[in-house]
Amino acid sequence: MTNPLKLVIAQVNPTVGALKENADHALRIMAEMEAKGNDLLVFPEMFIPGYPAQDLILEDHFIQQNQKTVEQLALASGEMLTLIGAIHHDGTDTYNGVAVLQNGKLIQWIHKSLLPTYDVFDEWRYFKPGRDNSPIAVRFRNGQTLRLGIHICEDLWDENIDYKICDILGDSGIDLFINLSASPFVTNKYIERSRLILNKVKKYSKPYIYVNLIGGQDQLVFDGMSMVADQAGNWVHISPQFKESIVELELSVFDNSQSSVHLPVISKEEQIFNGLVQGVHDYFRKTGHTQAVLGLSGGIDSAVTAAIAVEALGKENVLGIAMPSKYSSVHSVEDAELLAHNLGMNYVKVPIAKIFEGFQDTYKDVMNHPLAGLPEENLQARIRGNILMSYSNNDGSILLTTGNKTEIALGYCTLYGDMSGGLAVISDIGKSMVYGLAHYYNQIRAAEIIPTNTITKLPSAELRENQFDPFDYEVVGPLVNAIIEEHSDLSTLVNRGWDKALVEELLNKVRINEYKRQQMPPGIRVSSKAFGIGRRMPIVNHYRQE
């Protein structure tokens with residue numbers, strides 16, 4: 001039996017563009033792990049520049065500073081081998097790379113080969129694909145010389161691609177697979193990653209080290225869940241989801257592990273709730289904000305958004321504002337106040353009746369009649385949006401919008417009203433999941449934090465007498481998900497049992513409301529297809545399905 005490899009998994013949270021801060025964090029970890037006598041330290045993909053750096057990568061000065069930062073890390077390296085993700089520009093081309101550092105030197109660059117261009121990814125815009133896929137032989141401080149099959153994120157996801165990096169490396173006679181990733185969170189994606197990893201392990205009987213990024217970046221959130229499997233396909237280590245984690249462990253490269261762990265079973269509600277908390281927390285921290293404000297209607301959407309905000313930012317940093325109108329029910333105001341009390345957050349009530357009357361008087365003067373119908377309803381939403389933005393401007397807080405994915409898809413939202421804000425927290429979860437998160441939150445808090453009446457009452461915007469939402473969410477929610485996330489067409493949806501007239505109506509609503517979505521605040525992506533950078537539809541769009 002050979003000596004086990006003393007391995008460090010650095011599941012860490014960088015900030016895009018913060019080259020010095022990211023490097024300083026890496027240097028602290030390197031120094032500590034070197035002093036402990038470890039053999040191998042692995043960071044995630046693109047840790048130095050942060051991911052995704054997008055068009056910063058097109059700026060020459062950014063590339064140059066990135067290069068200098070890598071050189072500083074190389075000089076600080078010792079006997080412990082360090083693998084860290086960074087941009088590599090070789091004088092001609094730019095690559096998504098891994099810097100291999102040891103004994104004060106940059107030993108080699110490894111380049112990413114499979115560059116994703118689907119959904120939120122656009123790596124062909126910035127990088128040239130690597131085609132130098134070969135093992136690298138490294139002598140470790142424990143005396144072993146190992147052939148490492150180092151590759152990057154998408155290089156693992158090769159099932160439907162002819163150019164298979166892991167096969168090239170495996171057939172070259174490696175001793176160990178190592179993957180540095182920045183794989184964004186999607187519900188249950190960790191299960192798919194684990195399946196792909198075990199397929200490689202079983203095919204080549206080689207251990208596999210997978211290190212993933214953690215943290216939120218704009219619309220994306222990274223869930224970590226770094227994994228290590230031995231040559232027999234036993235899980236030696238699985239890092240926690242949505243938690244920064246630096247773990248030291250021993251890996252027997254040529255032997256089965258003496259102990260193993262199981263892949264955790266995590267409910268969708270837990271994954272999504274924790275992902276949204278991570279996304280909100282990092283959006284505020286990385287933009288330099290601490291305070292949030294949101295409207296509390298007494299409804300389910302604002303209640304769940306408030307719970308997420310309190311968990312992400314602390315109750316003392318969240319202000320809820322109830323803005324009742326003449327159409328607001330007594331129970332809605334009471335439910336909003338009870339929620340704020342249960343969460344321990346700050347709360348104020350700002351009635352809008354007088355403001356609304358002032359607008360209507362003005363319209364009577366200039367139009368000879370007050371607003372009625374939809375304009376009257378939207379006016380109330382826009383008055384509330386103005387009040388919320390005034391509070392945001394007054395203290396520098398970020399306004400959180402509270403619309404869910406089902407409503408946003410169908411255009412059941414008001415521009416410059418309830419769509420006003422700086423972050424659309426639940427814009428990627430449908431109405432049914434909003435209810436699921438409410439139940440989940442009450443369960444983990446072991447109390448009815450979100451009031452029962454908020455969960456059980458019929459949803460309503462309360463913008464006119466006896467108004468209720470015009471959808472059966474149990475029907476339209478799954479249908480919207482099928483349209484947006486599954487890209488299902490008219491005939492497929494009808495064949496699955498949905499009414500043709502309803503499908504045509506919803507397809508049309510999704511199409512004609514693109515202009516609203518392109519003006520909404522950024523939302524946090526938790527599904528396979530979110531509104532945002534991963535979905536690029538034209539506003540002017542005359543296509544109709546037949």
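Remarks
- Amide hydrogen proximity for Ile150: with H placed 1.01 Å from N in the peptide plane, the residues at 5 or more positions away or on another chain lying under 5 Å are Ile136, Ile178.
- Net lengthening on full extension, Ser260/Arg536 (0.36 nm per residue, minus Cα-Cα): 95.0 nm
- DSSP-loop chymotrypsin sites (Phe, Trp or Tyr not before Pro) across segment 134-236, with at most 13 other Cβ within 10 angstrom: Tyr163
- Contact order for segment 89-178, expressed relative to its length and based on alpha carbon pairs under 8 Å spaced 6+ residues apart, stands at 24 percent.
- Reachable lysines, given that their alpha-carbon falls under 19 Å from the alpha-carbon of Lys243 and they are not under 8 places away in the same chain: Lys189, Lys268, Lys286
- Neighbour-count ranking [beta-carbon atoms within 10 angstrom, fewest first] of Ser257, Ser302: Ser257, Ser302
- Amide H contacts of Ile398 (H built 1.01 Å from N, under 5 Å, at least 5 apart or other chain): Gln291, Ala292, Val293
- All alpha carbon pair distances within segment 223-345 were sorted into 5 Å bins beginning at 0; the resulting P(r) in whole percents reads 2, 10, 15, 14, 13, 11, 9, 8, 6, 5, 4, 2, 1, 0, 0.
- Difference of contour (0.36 nm per residue) and Cα-Cα distance, Thr2 to Gln519: 180.2 nm
- The peptide list 112-123, 378-389, 43-54, put in order of mean Cβ contacts within 10 Å with the highest first, becomes 43-54, 378-389, 112-123.
- Space enclosed by the convex hull of the alpha-carbon atoms of segment 406-546, per residue, Å³: 138
- Summing Lys and Arg as +1 and Asp and Glu as -1 over all other residues whose Cβ lies under 10 Å from the Cβ of Lys36 gives a net charge of -2.
- Residue order, fewest to most beta carbons within 10 Å, for Thr414, Thr187: Thr187, Thr414
- In order through segment 348-364: 3J(HN,Hα) via Karplus (6.51 cos²θ - 1.76 cosθ + 1.60), integer Hz, x for Gly, Pro: 9, 10, 10, x, 10, 4, 5, 4, 4, 4, x, 4, 5, 4, 5, 5, 5
- Each residue of segment 303-308 was assigned a 3J(HN,Hα) from its phi angle through the Karplus expression (A = 6.51, B = -1.76, C = 1.60, θ = phi - 60°), giving 5, 5, 4, 5, 4, 4 Hz with x at Gly and Pro.
- Average 1/r across all pairs of distinct alpha carbons in segment 159-198, invert it, and you get the Kirkwood radius: 12.0 Å.
- Chain lengthening between Asp167 and Asp90 when straightened (0.36 nm per residue, less Cα-Cα): 25.1 nm
- Using only Cα coordinates, the Kirkwood hydrodynamic radius of segment 55-105 works out to 11.4 Å.
- Derived scalar couplings between HN and Hα for segment 30-35 equal 4, 5, 5, 6, 5, 5 Hz in order, rounded to whole Hz, by the Karplus curve 6.51 cos²θ - 1.76 cosθ + 1.60 (θ = phi - 60°), x for Gly and Pro.
- Structural size metrics of segment 270-517, computed from C-alpha coordinates, are Rg and Dmax of 18.4, 55 Å.
- Unit charges on C-beta of K, R, D, E only; dipole of segment 5-263, Debye: 580
- Here Lys105 is the anchor, and the lysines within straight C-alpha reach of less than 29 Å, apart from those fewer than 8 places off in the same chain, are Lys6, Lys20, Lys36, Lys68, Lys128, Lys206.
- Relative exposure of Ile321, Ile214, judged by other C-beta atoms within 10 Å (fewest first): Ile321, Ile214
- Normalised by the number of residues in the chain, the mean separation of alpha-carbon contacts (under 8 Å, six or more apart) gives a relative contact order of 11 percent.
- Across segment 420-464, the residues whose backbone nitrogen lies under 14 Å from the label position 7 Å along the beta-carbon direction of His341 are 448-453.
- Each principal axis of segment 5-263 carries a Cα extent, and these read 48, 41, 34 Å when sorted largest first.
- Between Asp60 and Ala447, the simple spin-label model (points 7 angstrom out along Cα→Cβ) gives 6.0 nm.
- Kirkwood Rh in Å, taken over the chain so that all alpha-carbon pairs contribute: 25.3
FYI, it's all coordinate maths here, none of it is from the lab. Note that the structure is a prediction, hence the values are computed from the model and not measured. Because the Cβ atoms are built from the backbone with ideal geometry, glycine has one as well, and the counts that use them run over all protein chains shown.
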